[in-house]
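Working notes for the structure below.
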Amino acid sequence: MKTACRLAAFLFVFFVSFSVFAQDYICTTSKKRFYQPGACKNDCQVTREGNGLTRGVTMADKPCSFQPICVGITKHLTAPASGDMYILAYGAVALQKRSAYVQQPEKSILNLVLQRYYHYRIQQFNVRIGEVSGRDQWASLMPSKVGLPTLTVSPDLYLVTPAFLVSVIGHEMVHDQQYKRKNPVDPQGFVSVIDAMRELEASKFQQAIDTFDRGFRMETSVCLEENEAKEIRQVTACREWQVKKAIDDIRLKQHILNNLEKWMMADPWAKQVYIPEHPDWKTAHAGSAPDRTCSPSAPATQQ
Ligand SMILES: [Zn+2]
């Protein structure tokens, strides 16, 4: 029994270390391996050596190649065999050969992520690839009263691991679900709590620790790079504190606290996840922030 347990523990560690960090990108000229396509692209020297075929395609135009170890990504890339299926994996590598490979690789990658992981289609959004303004750093979703919501994606998101890209897009899809919820309670006096709670929900989803049934899940087996995983953990910890702080700030205004409770009971995530996880939410003190980058009003590194 003891041996079985030890073996199970070993296999778990082995699996986690293999699945969470995977150097899926290889420079075809130096044979060095990288976690992120952008890092490979920066480091990998283009060469004109090789036969006619490799000189034209592999070496000169696509020096970084995707040789995946990450199961959570590859399982979404296998079937059906279509050029687009492989684009997500290549990330920035796909962008190297923009015109000949795919006309708009950023949008093809985004469409693939939306469809395969979240059951959305790119046509449901007004998509912009460019600088992100507002509260979210890597991507943002702005609802519209008259047209489609605008989904803005930073070009930098294509330089990081596909896993991080998938998690950021998932964060925005959680916001899309939140925008569609109706709540009859007037939020006057506690908008700050709602804002913080929305971000906490999206960040917990991104960290794959959200238990809410939303029709899609963040896969725990996707392979983030170590710093990416750390960033998501830090942001989630900051969001936890920001919600507590926002509630702490209104805690002594009894009528506002009563309205907040009504709002929370009418919000499915607050009712099913936040309240059961924080039974003392009305009386808990926030204490100090978890780290120096986390403040009550300003976002930490990502929203
Ligand atoms: Zn957000």
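Within region 127-135, can one find any residue that is within 16 Å of the ligand (Cβ to nearest atom) and within 14 Å of the chain's Cα centre (by Cα)? No: zero hits. Here is a check on your reading of the model: is Ile209 surrounded by fewer than 22 Cβ atoms within 10 Å (Cβ to Cβ), of a type in the set (A, V, I, L, M, F, W, C) and touching a residue at least 60 places away in the same chain (Cβ under 8 Å)? It is false that Ile209 is surrounded by fewer than 22 Cβ atoms within 10 Å (Cβ to Cβ), of a type in the set (A, V, I, L, M, F, W, C) and touching a residue at least 60 places away in the same chain (Cβ under 8 Å). Close contacts from region 286-300, counting a first residue that is buried (at least 16 other Cβ atoms within 10 Å of the Cβ) and a second that is among the acidic types (Asp, Glu) and modelled with pLDDT of 85 or more, with Cβ to Cβ under 6 Å and a gap of 6+ residues or different chains, come to Ala286/Asp248.
Here is a yes/no grid of residues against (1) more than 18 Å from the chain's Cα centre (by Cα); (2) in contact (Cβ under 8 Å) with a residue 40 or more places away in the chain:
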position: Arg214; (1), (2): no, yes
position: Arg217; (1), (2): no, no
position: Glu226; (1), (2): no, yes
position: Ala229; (1), (2): no, yes
position: Cys238; (1), (2): no, yes
position: Gln242; (1), (2): yes, yes
position: Ile247; (1), (2): yes, yes
position: Ile250; (1), (2): yes, yes
position: Lys253; (1), (2): yes, yes
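Checked against the criterion of being away from the ligand (no atom under 11 Å from the Cβ), under 24 Å from Cys40 (Cβ atoms), touching a residue at least 12 places away in the same chain (Cβ under 8 Å) and part of a loop (DSSP other than H, G, I, E, B), region 160-170 contains one or more residues that satisfy it. Take the residues in region 171-187 that are in a helix (DSSP H, G or I) and of a type outside the set (S, T, N, Q), then tell me which one is farthest from the ligand (Cβ to nearest atom). Residue satisfying both the conditions and the ranking: Lys180. Condition first: of a type in the set (D, E, K, R), closer than 24 Å to Gly72 by Cα and either at pLDDT 50 or above or assigned to a helix (DSSP H, G or I) (or both). Can you find one or more residues in region 10-24 that meet it? So far as region 10-24 goes, yes, one or more of its residues are of a type in the set (D, E, K, R), closer than 24 Å to Gly72 by Cα and either at pLDDT 50 or above or assigned to a helix (DSSP H, G or I) (or both).
I'd like to check something: does region 136-148 contain any residue that is within 30 Å of Phe34 (Cα to Cα), in a strand (DSSP E or B) and within 12 Å of the ligand (Cβ to nearest atom)? Within region 136-148, one or more residues are within 30 Å of Phe34 (Cα to Cα), in a strand (DSSP E or B) and within 12 Å of the ligand (Cβ to nearest atom). Of all the criteria given as (1) over 23 Å from Leu159 (Cβ atoms); (2) surrounded by 21 or more Cβ atoms within 10 Å (Cβ to Cβ); (3) touching a Gly at 6+ places or on another chain (Cβ under 9 Å), the one not satisfied by Phe216 is (2). Highlighted here are the helices (runs of 4 or more DSSP H) found entirely within region 188-294 that include at least 1 residues which are within 15 Å of the ligand (Cβ to nearest atom): 191-206, 226-250.
The values are calculated or read from the model by the stated rules, or taken from the named source; none is laboratory data. None of the values given here were measured: they were computed from a predicted structure. We place every Cβ from the backbone using ideal geometry, glycine too, and count neighbours over all the protein chains shown.
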